[in-house]
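Encoded as structure tokens, the structure appears first; notes follow it.
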Amino acid sequence: MLKRVAILANGGDVAGLNPVIRAIKKSCEVYGIECYGFIDGYKGLLENKFVRLDFNPMADGILPKGGSIIGSSTNTIVFHYKVTNPDGTVEYRDLSDLCVQNVMKDGFDCVFTLGGDSTQKSARDLFIKGIKTIGVPKTIDNDVACTDITFGYNTAVSVASEAIDRLHTTAETHHRIMCLEVMGRYAGWIALESAIAGGADVALIPEIPYDINKVAQSLQRRIAKGKQFGIVVVAEGAQPKDGTASTVNSNVSDGTGIAVKFAGAGDKVSKELEKLTGLESRCTTLGYMQRGGTPTAYDRVLSTKYGAKAMELAMEGKFGVLTVIKNGKLDYVPLEDVVGNNKELGAVEGGTKESNVRLVTMDDELVETARNIGICLGD
């Protein structure tokens with residue numbers, strides 16, 4: 001029987017983390033199980049810093065609250081952890097055994113890992129080393145494998161759609177092309193769905209390398225019909241045909257040796273379209289606006305369902321799994337399936353070609369819908 005469980009939230013914050021935490025916490029209160037939260041994700045697991053959540057006032061009233069009351073970590077990879085030595089030199093060490101020791105010492109019967117593909121990769125690896133883990137799929141990019149939808153995604157799409165609505169009025173008033181850059185490094189779900197919801201004219205996603213001339217031609221056809229403006233949605237990972245995605249050097253390494261981040265895709269498209277169409281063009285980058293704030297009603301319900309299901313799986317003794325939505329119904333899959341080809345224990349995290357991220361396919365209904373209503377996808 002379960003006596004003590006712990007939760008950790010890892011990776012970028014999204015709207016819906018607190019409702020998941022609340023659902024697990026409330027389930028524990030119903031069944032008389034102690035519930036704890038590791039502070040700042042895997043960093044808290046490594047440092048063994050946690051707080052009790054059941055019947056704790058700090059965990060009350062958090063359903064509409066964005067972010068995570070127990071924090072999160074975006075650069076902590078316990079299998080490849082950055083350590084600064086006394087002499088100032090830096091090295092990377094595998095500190096996963098310390099995490100296992102902490103969990104065993106604390107007597108936690110299960111650790112719930114709230115996060116995306118990188119988080120669940122570590123959860124799978126820790127499960128192999130003896131920690132009973134259950135994952136809950138979190139990312140605004142909606143790119144976690146094996147599930148139809150992740151919590152946080154609906155809120156991000158809603159924010160992007162509202163931004164498009166607001167940009168429409170400025171674009172029409174000043175006869176401009178307004179480009180909106182949204183998140184989506186490898187998967188274009190946010191760009192595609194918000195473009196449909198907001199009535200955009202163009203949606204550029206990572207899965208479809210774009211031809212800027214075809215994009216310009218689609219806007220020029222609008223101009224010829226008397227519509228002297230256009231709305232273009234650009235995923236941050238969108239890349240031109242025979243080109244690469246826009247990235248910049250970063251001072252922050254994720255521990256895998258990768259020190260670049262996606263940035264500038266929207267500006268690049270905006271400048272090129274201004275030259276090709278003759279219309280003034282401006283770019284707005286939503287950035288972290290998509291992550292923060294109150295979750296939508298949809299995400300509150302989805303997150304609660306995920307949290308309650310994760311607790312149900314723990315009580316049934318099903319560990320090393322990820323809670324998922326399949327064909328609209330709650331289910332679970334082995335974390336091994338989520339990891340995909342990135343199977344080596346302690347190997348690089350997600351966000352690589354070895355990752356099993358869920359991408360937009362060309363036969364997806366969203367792609368078909370976009371094409372049917374005349375949204376240019378750049379191909």
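Computed from the coordinates by the stated procedures, all read-outs in this text should not be read as laboratory data. From a predicted model like this one, the values you see are computed outputs, not experimental measurements. Virtual Cβ from ideal backbone geometry, glycine too; neighbours counted across all protein chains shown.
Measuring from each cysteine beta-carbon in the chain, the ones with no other cysteine beta-carbon under 4.7 angstrom are Cys99, Cys110, Cys146, Cys376.
A simple charge model with +1 on the Cβ of Lys and Arg, -1 on the Cβ of Asp and Glu and nothing else charged puts the dipole of the chain at about 520 debye relative to its Cα centre. Pairs to check: Lys305/Lys326; Lys25/Lys129; Lys132/Lys329. Give those whose C-alpha atoms are more than 22 Å from each other in this structure. Violating the 22 Å Cα-Cα cut-off are Lys25/Lys129; Lys132/Lys329.
Couplings for segment 7-20, taken from phi via the Karplus curve 6.51 cos²θ - 1.76 cosθ + 1.60 with θ = phi - 60°, read 10, 9, 10, 9, x, x, 5, 9, 6, x, 4, 5, x, 5 Hz in order; Gly and Pro are left as x. Where a ≥ b ≥ c are the square roots of the eigenvalues of the C-alpha gyration tensor, would you call segment 1-132 rounded, which needs a/c under 1.5, or, failing that, prolate if a/b is larger than b/c, or oblate? In terms of gyration-tensor shape, prolate. Listed values for segment 92-103 are Karplus-derived 3J(HN,Hα) couplings in whole Hz (6.51 cos²θ - 1.76 cosθ + 1.60, θ = phi - 60°), namely 10, 10, 8, 10, 5, 5, 5, 4, 4, 4, 4, 5, and x replaces Gly and Pro.
Sorted fewest first by neighbouring Cβ atoms within 10 angstrom, Asp143, Asp97, Asp337 come out as Asp97, Asp337, Asp143. The spacing between segment 294-342 and segment 1-79, judged by their C-alpha centroids, is 16 Å.
Among Met1, Met289, Met58, Met311, a tally of other beta-carbon atoms within 10 Å of each Cβ gives an order, fewest to most, of Met1, Met58, Met289, Met311. Amide H contacts under 5 Å for Tyr332: Val324, restricted to partners 5 or more places along the chain or on a different chain, H placed in the peptide plane at 1.01 Å from N. Peptide packing: for 268-274, 83-89, the average count of neighbouring Cβ atoms within 10 Å per residue gives the ranking 268-274, 83-89, highest mean first. For Lys271, a cut-off of 16 angstrom between C-alpha atoms picks up these aspartates and glutamates, skipping any fewer than 8 places away in its own chain: Glu181, Asp211, Glu236, Glu280. Bridgeable aspartates and glutamates around Lys105 (alpha carbons under 15 Å apart, same-chain partners fewer than 8 residues away excluded): Glu47, Asp97.
Packing, as the average of other Cβ atoms within 10 Å across residues, places the peptides 127-133, 301-307, 113-119 in the order 113-119, 301-307, 127-133, highest first. Highest-first packing order for the peptide set 359-372, 163-176 is 163-176, 359-372, based on the mean count of other beta carbon atoms within 10 Å. Counting neighbouring Cβ atoms within 10 Å and putting the fewest first, the residues Leu98, Leu45, Leu53, Leu286 line up as Leu98, Leu286, Leu53, Leu45.
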